[in-house]
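Trainee: Input: one structure, supplied below.
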Amino acid sequence: MESKGTVLEALLASLEKAASFNQNVMAPPATILWTDKDQGWLPLAPMLRTVLPQFLTLGPYDPTTRTGPAIWLKCMMARTLPEADWSAGVIPILFLPGVSRQELRAVESCPKPLQPLAELQYRGVFWTHVNGRDWSVLAFLKSQEGGLGLDVAQDDATREAIGRALLPLMNTPIANLQGRRLEAADFDLLLTPDPVRDLLRWLNDPAGTRQQWDDNAWDAFRAVCRKDYGFDPQQDGELTGAELLGRKEGTWGKVWERFAESPRLYAHLPELLRRAKPAAKHLFEDRSSWPQENDEQETALRQNLRAMEDQVPYEVAQKLSELEKSHGDRRHWVWAELGQAPLARALEHIKAIAELTKQPLGGATPEELAAWYVSQGWQADAALLQALACIERTEDVAAVKAAVRGIYLPWVQAAAEKLQQLVQEYSYPGHAGEHLKPLTAQEGECLLFADGLRYDVAQQLQKALAQKGLQVDTSYRWASLPTVTATSKPAISPVTGTLAGQSGEAFFQPSEKATGKALTSARFKKLLEEAGYQVLGKEDTGDATGRAWSEHGDLDRSGHDQGWKLAWRIEEEIRSLVERIADLMQSGWRQVKVITDHGWLLLPGGLPKHDLPGYLTETRWGRCAMLKPEAKPSGLLLPWRWASEVSIALAPGVSCYQAGMDYAHGGLSLQECVTPVLKVTQTPNAVAAVIMEVQWIGLRCRVTLDKSTPGLRVDLRTKAADPASSLAKRGKEVDAEGKVSLPVEDDSFVGSAAAVVVIDPQGVIIAKIPTTVGGE
């Protein structure tokens, strides 16, 4: 028999062949008689009923399954019953489980219930082997004459496995069964095609998984486990299985590898492994399998980190190197993937802080020091945030805090003191030259303001944007003093020239030159619009042929609200900014320029406190204060950005005028003052397009682009990023003039919000614009 198709298709072809006859000289057979004394084919009956409406079964009366006694079968053959609904000319098949061909042929001794069918042996044909015997499943698989001609073992185990796997066997391509000796295990694998997955599923939930399997599947699973893993789930139980899994010996090693790839799929397995851990330890045993081992090492690491609280940086760095040798491998254990080794993960970043902060501070001028910071110094800040992002539990926070304060605080304090010393010697760069000029946009450019985007966070943002296929050019500028939003945000905006400061201003806020009124959010927006900028809402994309100002992100607010826990929010803030920038770029903006007002200092456990008497100040913030005219305090005094005659007191080093501040800004440090500017554009080879016009004529949407590029396609969607939401049959390619017409066939969408999207040949959305179906 041909090897094409499945076993079921071969079976149906064999049945059809049994009914073949010469129409010129013979009448068609009344039926095909399928005798099955051993009832090996009986499990297949439900499947055959779905594909063969003429399939009739001898048995207790049940017309829903086309099953009944002999007399009923004769009536069905004569088509006198309404259930006989198969097509005319189709020969019915009589399946006779528990009946042999010999019983039916012995008319005189034929059992009485079968006697009405006995005469059919003369008017019908038998589906049998060429030797006249009933087709058994094994015989059909093996026989070269009328069967599949497969090489199948004939032992009892194989016969039992064939019976268990009969249903999946029917859907198996014959080609998959050829060219090898088929034994019990091969048929059991049809019921458990992925035994490793099934074994993990069962270990994770023994009772629930067993309930999902029928007896055949369960028996096949047990057989596979006995053969391949030396383990019987029913007799040995899940604790024995978990112990074997944890030992990872022999074939169990592959099972562990699968578990380690996706441990979160098996939520109950860690606790089972905890219970299954053997009491005795072997000298060379891999202990990484047992959660208790990880717990013990986390406890030891926690104690070692806590002990660093009063140690000098050199001692801390030396101890961290030792701890890394002992605990570094645990970051590759499954328990780290499950979030149960937070200190082992944090250790990697704490050690990085130690390595980075022992490097000498570079630069003999403020500009040279800033150049050193943007080339390498920011990495220590990033490592601190990454270490803090790993931990949540109170005892872990205390351990990490003890370790990082011993190495990070002396470094950031020394860097701030050096910058302050150089500024007193050379002046502050942010109040002179290029740094006083506003940041502006040209046509087709959008300024995206992100409050408190520190330089190290901007580096992570740049990496994420590059992964999106966008090109990013990063530079820096000095923030205005004091480094608070009220002062620094207006100073980088396009409307800087319309503002000035006034003596006596207690909130570091400039005023409009024309009116003398303090700069509020409403006035700031009005000035931007008067300067020719669209002021976009959080989700607006505006007209990409003009200029725009937009604001996004909550870094600064989260820092003030949550202190050092801002480290937990960095990833989601970056993700949100990436989505916003990508949205603007897809809407046709040629460039998005990401700008910010200031950075910040962050240290768990609080920045040092510096006393500044309240009677000397008009207002006192975390890191800066506005002095009274007659005040003559000692310490660092610098002019206010908006009125040089007004002196601002800046806290020395990284100290604060208020106690217990984990997060602060307003002072003079590299982290607060060296701010990023990111110019985001499409990659040079990327296809770009701008939607020039969207016009509705009834339910037809006409779109015009600024160019026609081969392969560009325009679609109309209710959800811009979801092709399945297309209202225009997945869109059309633009014509030679950059135009396309999209009909909407379903008028129920009239008045609904939608988006016109432009898609490049790689399927990437490169432009979009909102619209209303049918026009507004």
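The values are calculated or read from the model by the stated rules, or taken from the named source; none is laboratory data. Everything quoted here is computed from the prediction, not taken from an experiment. No Cβ is skipped: glycine too gets one built from the backbone with ideal geometry, and neighbour counts run over all protein chains shown. Note: accessible area is taken over every heavy atom of the protein model, side chains too, but ligands, DNA and RNA are not part of it. Shrake-Rupley method; radii C 1.70, N 1.55, O 1.52, S 1.80 Å.
Trainee: Show the residue pairs that are 6+ apart or on different chains and have beta-carbon atoms under 6 Å apart, the first residue being within the range 757-776 and open to solvent by 50 Å² or more (accessible area, probe 1.4 Å), the second being at pLDDT 85 or above and small (Gly, Ala, Ser).
Mentor: 770/755
Trainee: Right, something else. Could you list, ordered by first residue, the pairs with Cβ atoms under 7 Å in which the first is in the range 520-542 and touching a residue at least 24 places away in the same chain (Cβ under 8 Å) and the second is open to solvent by 40 Å² or more (accessible area, probe 1.4 Å) and among the aliphatic types (A, V, I, L, M), at least 6 apart or interchain?
Mentor: 528/535
Trainee: What's the number of the only condition in (1) crowded, with 22+ Cβ neighbours inside 10 Å; (2) closer than 30 Å to residue 457 by Cα; (3) within 30 Å of the chain's Cα centre (by Cα) that residue 681 fails to meet?
Mentor: Failed condition: (1).
Trainee: Filter the range 675-688 for residues that are outside any strand (DSSP E or B) and in contact with a Ser or Thr (Cβ under 7 Å, 6 or more places away or on another chain) and give the result.
Mentor: Selection gives 687 alone.
Trainee: Related question: Of 546, 497, 501, which residue is under 26 Å from residue 669 (Cβ atoms), in contact (Cβ under 8 Å) with a residue 24 or more places away in the chain and surrounded by fewer than 22 Cβ atoms within 10 Å (Cβ to Cβ)?
Mentor: 501
Trainee: Considering only the range 691-719, how many residues are part of a loop (DSSP other than H, G, I, E, B) and either closer than 16 Å to residue 746 by Cα or at pLDDT 85 or above (or both)?
Mentor: 6
Trainee: Could you tell me which of the residues 52, 12, 48 is farther than 21 Å from residue 162 by Cβ and surrounded by 12 or more Cβ atoms within 10 Å (Cβ to Cβ)?
Mentor: 52
Trainee: Being out of contact with any Phe, Trp or Tyr (no Cβ under 6 Å at 6 or more places or on another chain) and either hydroxyl-bearing (Ser, Thr, Tyr) or closer than 30 Å to residue 629 by Cβ (or both) is true for just one of 711, 667. Which residue is that?
Mentor: Exactly one of 711, 667 is out of contact with any Phe, Trp or Tyr (no Cβ under 6 Å at 6 or more places or on another chain) and either hydroxyl-bearing (Ser, Thr, Tyr) or closer than 30 Å to residue 629 by Cβ (or both), namely 667.
Trainee: Suppose the filter is closer than 30 Å to residue 292 by Cβ and surrounded by fewer than 24 Cβ atoms within 10 Å (Cβ to Cβ); does residue 355 pass it?
Mentor: no
Trainee: So, one more: What are the residues in the range 467-487 that are over 23 Å from residue 666 (Cβ atoms) and open to solvent by less than 40 Å² (accessible area, probe 1.4 Å), if any?
Mentor: Hits for the range 467-487 are 469, 470, 472, 474.
Trainee: Give the residue that is surrounded by the most Cβ atoms within 10 Å (Cβ to Cβ), with candidates limited to residues of the range 288-327 that are of a type in the set (Gly, Ala, Ser) and assigned to a helix (DSSP H, G or I).
Mentor: The initial filter retains those residues of the range 288-327 that are of a type in the set (Gly, Ala, Ser), namely 288-289, 300, 307, 317, 321, 326.
Keeping just the survivors that are assigned to a helix (DSSP H, G or I) gives 288-289, 300, 317, 321, 326.
Working: 288: 19, 289: 23, 300: 14, 317: 20, 321: 11, 326: 14.
Ranking the candidates gives 289 first.
Trainee: Show the residue pairs that are 6+ apart or on different chains and have beta-carbon atoms under 8 Å apart, the first residue being within the range 558-574 and among the β-branched types (Val, Ile, Thr), the second being open to solvent by 20 Å² or more (accessible area, probe 1.4 Å) and in a helix (DSSP H, G or I).
Mentor: Listed pairs, sorted by first residue: 570/389; 570/460; 574/460; 574/464.
Trainee: Only one residue in 388, 343 is assigned to a helix (DSSP H, G or I) and in contact with a Leu (Cβ under 7 Å, 6 or more places away or on another chain). Which one?
Mentor: Going through 388, 343 in turn, the sole match is 343.
Trainee: Now a separate question. Hey, could you check the range 410-428 for residues that are open to solvent by 20 Å² or more (accessible area, probe 1.4 Å) and over 42 Å from the mean Cα position of the chain (by Cα) and say which is nearest to residue 547 (Cα to Cα)?
Mentor: So, considering only residues that are open to solvent by 20 Å² or more (accessible area, probe 1.4 Å) and over 42 Å from the mean Cα position of the chain (by Cα), the one nearest to residue 547 (Cα to Cα) is 427.
Trainee: May I ask you to list the residues in the range 258-287 that are touching a residue at least 40 places away in the same chain (Cβ under 8 Å) and in a loop (DSSP other than H, G, I, E, B)?
Mentor: 266, 267, 268
Trainee: Can you report the number of residues in the range 178-203 which are polar (S, T, N, Q) and either at positive phi or touching a residue at least 60 places away in the same chain (Cβ under 8 Å) (or both)?
Mentor: Selection size over the range 178-203: 1.
Trainee: Spot the failing condition for residue 250; the list is (1) part of a helix (DSSP H, G or I); (2) more than 32 Å from the chain's Cα centre (by Cα), and only one is missed.
Mentor: With (1) part of a helix (DSSP H, G or I); (2) more than 32 Å from the chain's Cα centre (by Cα) applied to residue 250, the lone miss is (1).
Trainee: Within the range 182-200, identify whether any single residue is at pLDDT 90 or above, farther than 19 Å from residue 42 by Cβ, touching a strand residue (DSSP E or B) at 6+ places or on another chain (Cβ under 7 Å) and surrounded by fewer than 20 Cβ atoms within 10 Å (Cβ to Cβ), and answer yes or no.
Mentor: Yes, some residue in the range 182-200 is at pLDDT 90 or above, farther than 19 Å from residue 42 by Cβ, touching a strand residue (DSSP E or B) at 6+ places or on another chain (Cβ under 7 Å) and surrounded by fewer than 20 Cβ atoms within 10 Å (Cβ to Cβ).
Trainee: Tally the residues that are out of contact with any helix residue (DSSP H, G or I) (no Cβ under 6 Å at 6 or more places or on another chain) and either of a type in the set (Asp, Glu) or part of a helix (DSSP H, G or I) (or both), restricting the search to the range 56-74.
Mentor: 6
Trainee: Can you pull out the residues in the range 261-286 that are of a type in the set (A, V, I, L, M, F, W, C) and open to solvent by 40 Å² or more (accessible area, probe 1.4 Å)?
Mentor: Answer for the range 261-286, where residues must be of a type in the set (A, V, I, L, M, F, W, C) and open to solvent by 40 Å² or more (accessible area, probe 1.4 Å): 265, 267, 279, 280, 283, 284.
Trainee: Filter the strands (runs of 3 or more DSSP E) completely within the range 574-674 down to those with at least 2 residues that are open to solvent by 10 Å² or more (accessible area, probe 1.4 Å).
Mentor: Numbers: elements: 591-595, 617-620, 624-627, 636-640, 643-650.
It comes to 591-595, 617-620, 636-640, 643-650.
Trainee: Considering each residue of the range 721-749, count those that are buried (at least 19 other Cβ atoms within 10 Å of the Cβ), at negative phi and in a loop (DSSP other than H, G, I, E, B), and give that number.
Mentor: The qualifying residues number 4.
Trainee: Where residues in the range 501-547 are in contact with an Asp or Glu (Cβ under 8 Å, 6 or more places away or on another chain) and of a type in the set (A, V, I, L, M, F, W, C), which of them is modelled with the lowest pLDDT?
Mentor: 506
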